[in-house]
1. Work the Kirkwood hydrodynamic radius out for the range 192-365: mean of 1/r over every pair of different alpha-carbon atoms, inverted, in Å.
2. For the range 192-365, what % of the accessible area comes from carbon and sulfur atoms, probe 1.4 Å?
3. Could you name the lysines in cross-link range of residue 77, using Cα to Cα under 26 Å and dropping any fewer than eight places away on the same chain?
4. Using the Karplus equation 6.51 cos²θ - 1.76 cosθ + 1.60 (θ = phi - 60°), what ³J(HN,Hα) coupling, rounded to whole Hz, does each residue of the range 394-404 give in order, writing x for Gly and Pro?
5. Report the number of Lys pairs in the range 192-365 whose alpha-carbons are under 28 Å apart, with separation of 8 or more residues or on distinct chains.
6. Shape call for the range 231-305 from the C-alpha gyration tensor, a ≥ b ≥ c root eigenvalues: rounded (a/c under 1.5), prolate (a/b greater than b/c) or oblate?
7. Need the C-alpha centroid separation for the range 217-292 versus the range 18-42, integer Å.
8. For the range 345-358, just list the computed ³J(HN,Hα) in residue order, Karplus coefficients 6.51, -1.76 and 1.60, θ = phi - 60°, integers in Hz, with x standing in for Gly and Pro.
Amino acid sequence: MEITQRKKQLRGILAFIEECEPQIFEALRQDLGRPVFETSVLELGSLRTEIAYALENLASWTAPRPVRTPLVHQPGKSWIEYQPLGKILVIAPWNYPFQLTLGPLVNIIAAGNSAVIKPSELAPYSADLLAQKLPNYIDTQVVTGGPEATQKLLDQKWDHLFFTGGSRVGQIVLEKAAKFLTPVTLELGGKCPCIVDETAHLEVTARRIAWGKLINAGQTCVAPDYVLAHDRVYEALTAELQKAITHFFGNNPKQSDDYARIINRPHMERLIALAPQADYDLEQRYFAPTLLDHIPDDEIFGPLLPIVPVKNLPAAIELINSRPSPLALYFFSSNKSAQKQITQQTKSGAVCINDTVSHLGIPGLPFGGVGESGFGAYHGRWGFERFSHAKPVFSRSTRVDMPLRYPPYTKMALRIANWFQGGL
Ligand code: NAD
């Protein structure tokens, strides 16, 4: 796809967001009871940033990148050309139905590919809006449906599969991809820990953890899943968290316009099983923000926040390293050497220091998991490269043709060749 065409398509996504904004707000109100502010800032705002960043950088991303040619291969020139992969399937979850379909699409189009989008059937208002309106703005097909429709799509040959969701379905996607040797990106589950040490600014820390946890009622892949608090600040942090939650949503969050709902009944039932003592309303899909004193094994994906004490930083690091690698790790501390220890001694998709979730909004940073949280990062240049083939090209002059490499081989030729190659 020509660069001008790519830019036109990217502007098409922007036009969809601008012109359909009221319908997007309404779809997410229906699907998730999501406040307009959260949709506007977290979902549409980050898409606008991603599009603006791609438009601004497309010329430099697509330009061939020269590479140094060693002496032994002179005279000649070497460079990398970025070629589109072809046709890409995007399979998305329900929790951010626009960001997790259109976000990858921005990178896919920037790299010159075409795409088919399969939104989640569990956010039906959002999926229908995408299916009905998006094709009026760009040349992208939207296929709606659940597991069966997805499996049908996976039975076709694609040039890349981009999947965001849980690890169970991630395995199905990988198995299907194996048949055609299709390259895959898997953006999987969260279980993101927060560590709070004794030097953290507790009031700010509590606000930032409570915010990251409770946007979209905890149904965010990078939401803090649990908190490990240093013994000495455990009680004070618990009190600050409670204070922050009351400050955000009042004494009865059910009455607050700023607190989202749980996607459906099975997810409500899953959360109730984790915390039967919590305040909830099954019919209204309301589940109150709730602090827990133990860490469940599975990803919580809801407004439950376990907070447990740890005796020191090495104990917290050991606990985290004994579990599957999370998508993000949050560390609250004003101790620089402890911050370095965390980035160097733990394995996670990303580290965010003294904040939660916000690293996603920085388009220069890659976003993706490691180990059990998935593989293959996107956003910005990283997404452009993810959906491109970096094709190496070497072009050699015919003006000089050293006989050195051709038979009959001589000892002298070997010595010269070794000398050249050792020195580059
Ligand atoms: P999911 O894996 O159940 O579904 C994702 C997609 O797969 C949907 O489009 C669905 O229709 C399809 N699907 C479901 N069952 C299928 C099957 N048997 N065969 C083929 N396709 C099938 O995930 P979800 O419940 O929609 O989303 C929640 C999960 O996604 C959480 O684990 C969350 O952490 C993760 N997530 C990850 C990121 C990230 O960027 N890493 C972002 C958001 C959500």
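1. 16.3
2. Carbon-and-sulfur percentage of accessible area, whole number: 49.
3. 391
4. Calculated HN-Hα couplings, in order: 10, 10, 10, 6, 9, 5, 10, 9, 4, x, 3 Hz.
5. 13
6. oblate
7. With the range 217-292 and the range 18-42 each reduced to a Cα centre, they are spaced 21 Å.
8. 9, 10, 10, 7, x, 8, 10, 10, 9, 6, 7, 10, 6, 5
The values are calculated or read from the model by the stated rules, or taken from the named source; none is laboratory data. Computed from a predicted structure; not experimentally measured. All Cβ positions, even for glycine, are placed from backbone atoms using ideal geometry, and neighbour counts span all protein chains on display. Note: accessible area is taken over every heavy atom of the protein model, side chains too, but ligands, DNA and RNA are not part of it. Shrake-Rupley method; radii C 1.70, N 1.55, O 1.52, S 1.80 Å.
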